[in-house]
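Working notes, structure below.
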Amino acid sequence: MTKELPSAYDPKQTEEKIYELWEKSGYFNPDNLPISKSSKLKAKSYCVAVPPPNVTGSLHMGHALNATIQDILIRKKRMEGYKTLWIPGTDHAGIATQNVVEKDLKKQGVSRHDMGREKFLEKVWEWKEKYGNIILNQFKKLGSSMDWSRTRFTMDENYQKSVAAAFNHYHEKGWLYKAERVINWCVKDQTSLSDLELEYKEEKGKLWYIKYLLLEKSKVQSQKSKVNPNYQLPITNYIVVATTRPETMLGDSAVAVNPKDKKYKNLVGKKLLLPIMNREIPIIADKEIDMGFGTGAVKVTPAHDLLDARIGEKHNLPIYKVIGPLGKMTEEAGARFAGMKTAEARGKIIEELKQLGLIEKEEDYTHNIALCYRCGGIIEPLPSLQWFLKMDELAKIAISAVKKGEIKFHPQNWEKIYLNWLENIHDWNISRQIWWGHKIPLEGENDVLDTWFSSALWPFAALGWPTACQQSQKSKVKSQKNICEPIPGSDLEQFYPTQILSTARDIINLWVARMVYSGLELTGEKPFTDVIIHATILTKEGKRMSKSLGTGIDPMILIEKYGADAVRFGLIWQAMGGQDIHWDETAVVAGKKFANKVWNIARFILQQTNNPQLTIDKLQLKNTENKKIIAKLSETKKSIEKYLDEYEFGQALHTLYDFIWHDLADKYIESSKKLNDKESKQTLYYCLLEILKLLHPFMPHLTEEIYQNLPSKNKDLLMVEEW
RNA sequence: GCGCGUUUAGCUCAGUGGUAGAGCGUUUCAUUGACAUUGAAAAGGUCGCAGGUUCGAUCCCUGCAACGCGCACCA
């Protein structure tokens, strides 16, 4: 006889206990899985490397959704008999982590400079220990069936070897170079940043129109511009340029116009006198200049603007560094301005220009300013000696893998974002002037690598690359391609390439694209086959969830309130078609009610059947009601499988919910009460077993708990029951 | 500026070339027997706006609007 189950399902009595049961079984580790002898999938592996969360804090709703998505896929594949591995881990997250630790120290009135590099790094490691473990435990709370014996950290000992191997590979290929280039410099963090590490904020500013005097008298005729009818070139001896940053004029080395621009045609090649600096600068022609903007004439500051740097290089213009790394004017800006903050210098310059009568006009102007994606501080473009990775070849192979369909995005339209970036890519500035990170593996180098350089290696580094590679004939012959020949039986051989990469859309280029080319180049294989871009979770009003704004929701609080299965249900219930989710807690409420419904369905069926039969012969069923529910059940199963194959998780769950609640409980169970015969009881029991299996990937604790209370079962755990 | 997405019930969202669906909420009734975290029923929507294709459009096409997002070297 079955023991009496309580009438309400209580996740608090269940979830922790069940998770321990799973962990004790060892089945999270694919090496311990009872791979069925009969299965044709015997040797097939299925691997997902979790996107390692930053060790800056704790999991947010996006992590919870993503973990649930991956756990659904992993659990289903495990039940289907695949040798299934889900690798857990965390990311050291260079600048982000350095910033939170600095902020934490600041509360005690200490700066990292007070402490010194070594002492500070000790503090960061302490932080990592604490928060890294919190994150891993939160994954457990969600019910994630990860193999904890394979937990990785992007700065653990072996990972350092991976990073060094990758760096050396690129070095040998001649794709790494050190050069002084205009890069994005974060004044607050005192480090360079790549183009992707910026955020843009709209800011109201001014557009100043400044007169630059011609040194020779010209014979220009007055004529109207077609593009900007309001602007009329006066018959005078000056050119007007428009700028939002007058302080950079101290570093001007030319004024550029479009070669097609008729109003300036006769002026190209003539000289101007740069105001204040009284420097002679040429008027040059470059087709990158937009004739329609401002006056059509642009001041060129090669040191402090990315476009100007390119134009300067093309035209061999001298570089005047007038803004320093601290965001202050340099000596080169002249003694009057040296040491001033840029904003202060700007005011001073405007004032002087006004006195000189060189300001033609000023307009209100709204433009985007670049900010650091980690600290929100000002970005100054300035020349700096940095390491760069050449992107031409790498971008090419990453583009081709997606265009050929070897790697697929779901939903597919995200491929555009990926391709658009790769097709217009610049060399990657990979050095950072912070303390926390992988040191550049060369003698005498103090900088660390962009945190995304190591993240880019995640799927194969987490599986043991390059330690798990061996020298082979193949790799000698194809030395050009650096094919890694994995040692037989190694994780790398068994689980690489991985199958799925599930992540948020904001790191498609920052991370996904870089994993693709790194994997293809370093291992000779794509790192994964399918990229799932899951929904972004917003507040109910459609605003960004953010801790600092107080609009964030802590998934752990929801778990405490409703249970992990209900939270998983609520997340997936809302995950429809990759659309952004306007978070609605009532979906979690529905999940909690549903868990209770399933619990009571099980309770009822177990009360009915004391001698259950695991299988039924569908063809032998005599009663129409029984036949109908069994047919509906297999239809539901097919539909769920189809949706999951398409990564339509929400649809799959809605389908299952409808079947269980409305078909099975509302209709069939009610009619079975009237039948009350052996055949219908067998049918009931069969349905119970099937819904437990179908629902297990979505709500694993609940279903496992019920399974553990069945009088007869095939396997010791539902987790490894045959799908 | 270029591109993408969204617009359906009070709220959050599914969906279909032919009498519109779910969850939550609301209203009424039921209930000692799996479940009140329940059951039965009801109210509630000219499916953003304007054209077009069609026998027929919420669905396909065009335009517009609102909101959101991404990209860009807008000086």
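Residue check: is A:Leu121 under 24 Å from A:Trp452 (Cβ atoms), within 16 Å of RNA strand B (Cβ to nearest atom) and not in a strand (DSSP E or B)?
Values: under 24 Å from A:Trp452 (Cβ atoms): yes; within 16 Å of RNA strand B (Cβ to nearest atom): no; not in a strand (DSSP E or B): yes.
Criteria not met by A:Leu121.
Restricted to the stretch A:162-201, and to residues that are β-branched (Val, Ile, Thr) and within 14 Å of RNA strand B (Cβ to nearest atom), which residue is nearest to the chain's Cα centre (by Cα)?
Looking only at the stretch A:162-201, we keep the residues that are β-branched (Val, Ile, Thr), and these are A:163, A:182-183, A:187, A:191.
If we keep only those that are within 14 Å of RNA strand B (Cβ to nearest atom) too, we end up with A:182-183.
Working: A:Val182: 26, A:Ile183: 23 Å.
If we take residues in the stretch A:162-201 being β-branched (Val, Ile, Thr) and within 14 Å of RNA strand B (Cβ to nearest atom), then A:Ile183 is nearest to the chain's Cα centre (by Cα).
Can you tell me which residue among A:Asp114, A:Asp91 is within 15 Å of the chain's Cα centre (by Cα) and acidic (Asp, Glu)?
Working: A:Asp114 fails: within 15 Å of the chain's Cα centre (by Cα).
Every option except A:Asp91 fails the conditions.
Within the stretch A:573-598, how many residues are closer than 20 Å to A:Cys687 by Cα and buried (at least 21 other Cβ atoms within 10 Å of the Cβ)?
The total comes to 3.
Which condition number does A:Gly563 fail, the rest of (1) within 10 Å of RNA strand B (Cβ to nearest atom); (2) at negative phi; (3) in contact with a Pro (Cβ under 6 Å, 6 or more places away or on another chain) being met?
Failing condition for A:Gly563: (2).
Before we move on, is A:Pro466 crowded, with 21+ Cβ neighbours inside 10 Å and more than 24 Å from A:Asp91 (Cα to Cα)? Please lay out each step first, then the result.
On the way: crowded, with 21+ Cβ neighbours inside 10 Å: yes; more than 24 Å from A:Asp91 (Cα to Cα): no.
The answer is no for A:Pro466.
For the stretch A:413-428, does any single residue satisfy the condition of being in contact with a Ser or Thr (Cβ under 9 Å, 6 or more places away or on another chain), more than 30 Å from A:Gly294 (Cα to Cα) and in contact (Cβ under 8 Å) with a residue 40 or more places away in the chain?
Within the stretch A:413-428 (the criterion being in contact with a Ser or Thr (Cβ under 9 Å, 6 or more places away or on another chain), more than 30 Å from A:Gly294 (Cα to Cα) and in contact (Cβ under 8 Å) with a residue 40 or more places away in the chain), the answer is yes, since at least one residue qualifies.
Between A:Glu332, A:Glu352, which is at pLDDT 90 or above, part of a helix (DSSP H, G or I), in contact with a Pro (Cβ under 9 Å, 6 or more places away or on another chain) and more than 16 Å from RNA strand B (Cβ to nearest atom)?
Working: A:Glu332 fails: in contact with a Pro (Cβ under 9 Å, 6 or more places away or on another chain).
After applying the criteria, what remains is A:Glu352.
Which of the residues spanning the stretch A:403-437 are hydrophobic (A, V, I, L, M, F, W, C) and either more than 16 Å from RNA strand B (Cβ to nearest atom) or touching a Pro at 6+ places or on another chain (Cβ under 7 Å) (or both)? Please lay out each step first, then the result.
To start, the set of residues in the stretch A:403-437 that are hydrophobic (A, V, I, L, M, F, W, C) comprises A:407, A:409, A:414, A:417, A:419, A:421-422, A:425, A:428, A:430, A:434-436.
Scanning the stretch A:403-437 gives A:Ile407, A:Ile430, A:Ile434, A:Trp435, A:Trp436.
Given the criterion free of Cβ contacts under 8 Å to residues at least 12 places away in the same chain, within 16 Å of RNA strand B (Cβ to nearest atom) and surrounded by fewer than 22 Cβ atoms within 10 Å (Cβ to Cβ), identify the matching residue among A:Glu313, A:Glu344. If you could, list the steps in order and put the result at the bottom.
Details: A:Glu344 fails: within 16 Å of RNA strand B (Cβ to nearest atom).
Step by step, each of A:Glu313, A:Glu344 is checked, and only A:Glu313 is free of Cβ contacts under 8 Å to residues at least 12 places away in the same chain, within 16 Å of RNA strand B (Cβ to nearest atom) and surrounded by fewer than 22 Cβ atoms within 10 Å (Cβ to Cβ).
Of the conditions (1) near RNA strand B (Cβ under 10 Å from one of its atoms); (2) surrounded by 19 or more Cβ atoms within 10 Å (Cβ to Cβ); (3) hydrophobic (A, V, I, L, M, F, W, C), A:Phe649 satisfies every one except a single condition; which number is it?
Result: A:Phe649 passes all but (1).
Give A:Lys77, A:Lys128, A:Lys161 a once-over and let me know the one that is assigned to a helix (DSSP H, G or I) and under 22 Å from A:Gln433 (Cβ atoms). If you could, list the steps in order and put the result at the bottom.
Numbers: A:Lys77 fails: under 22 Å from A:Gln433 (Cβ atoms); A:Lys161 fails: under 22 Å from A:Gln433 (Cβ atoms).
Exactly one residue qualifies, and that residue is A:Lys128.
To keep it simple, each residue is scored yes or no on (1) within 30 Å of A:Thr536 (Cβ to Cβ); (2) more than 8 Å from RNA strand B (Cβ to nearest atom); (3) in contact (Cβ under 8 Å) with a residue 24 or more places away in the chain.
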{"residue": "A:Gly577", "(1), (2), (3)": "yes, no, yes"}
{"residue": "A:His582", "(1), (2), (3)": "yes, no, yes"}
{"residue": "A:Thr586", "(1), (2), (3)": "yes, no, no"}
{"residue": "A:Ala595", "(1), (2), (3)": "yes, no, yes"}
{"residue": "A:Arg603", "(1), (2), (3)": "no, no, yes"}
{"residue": "A:Asp617", "(1), (2), (3)": "no, yes, no"}
{"residue": "A:Asn623", "(1), (2), (3)": "no, yes, yes"}
{"residue": "A:Lys637", "(1), (2), (3)": "no, yes, yes"}
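Could you tell me how many of the residues in the stretch A:480-520 are among the acidic types (Asp, Glu) and over 23 Å from A:Ser45 (Cβ atoms)? Write out each step before concluding.
Within the stretch A:480-520, the subset among the acidic types (Asp, Glu) is A:485, A:491, A:493, A:506.
Filter again for over 23 Å from A:Ser45 (Cβ atoms), leaving A:506.
Going through the stretch A:480-520 one residue at a time, the tally reaches 1.
Within the group A:Lys299, A:Lys260, A:Lys321, A:Lys270, which residue is within 14 Å of RNA strand B (Cβ to nearest atom) and out of contact with any Phe, Trp or Tyr (no Cβ under 9 Å at 6 or more places or on another chain)? Please lay out each step first, then the result.
Details: A:Lys299 fails: out of contact with any Phe, Trp or Tyr (no Cβ under 9 Å at 6 or more places or on another chain); A:Lys321 fails: within 14 Å of RNA strand B (Cβ to nearest atom); A:Lys270 fails: within 14 Å of RNA strand B (Cβ to nearest atom).
None of the other options fit; the residue is A:Lys260.
If you take just the strands (runs of 3 or more DSSP E) that sit entirely in the stretch A:255-304, which of them hold at least 2 residues that are touching a residue at least 40 places away in the same chain (Cβ under 8 Å) and over 42 Å from the mean Cα position of the chain (by Cα)? It would help to see each step written out before you state the result.
On the way: elements: A:271-274, A:279-285, A:297-300.
Counting at least 2 such residues, we get A:271-274, A:279-285.
Would you please list the contacts, defined by Cβ atoms under 7 Å and residues six or more apart or on different chains, that run from a residue in the stretch A:536-552 that is under 16 Å from A:Gln579 (Cα atoms) and away from RNA strand B (no atom under 11 Å from the Cβ) to a residue that is at pLDDT 85 or above and in a loop (DSSP other than H, G, I, E, B)?
A:Met545/A:His60; A:Met545/A:Thr539; A:Met545/A:Gly552; A:Met545/A:Ile553
The values are calculated or read from the model by the stated rules, or taken from the named source; none is laboratory data. Quick caveat: nothing in here was measured; it's all calculated off a predicted structure. With ideal geometry, Cβ positions are generated from the backbone for all residues, glycine too; neighbour counts draw on all protein chains shown.
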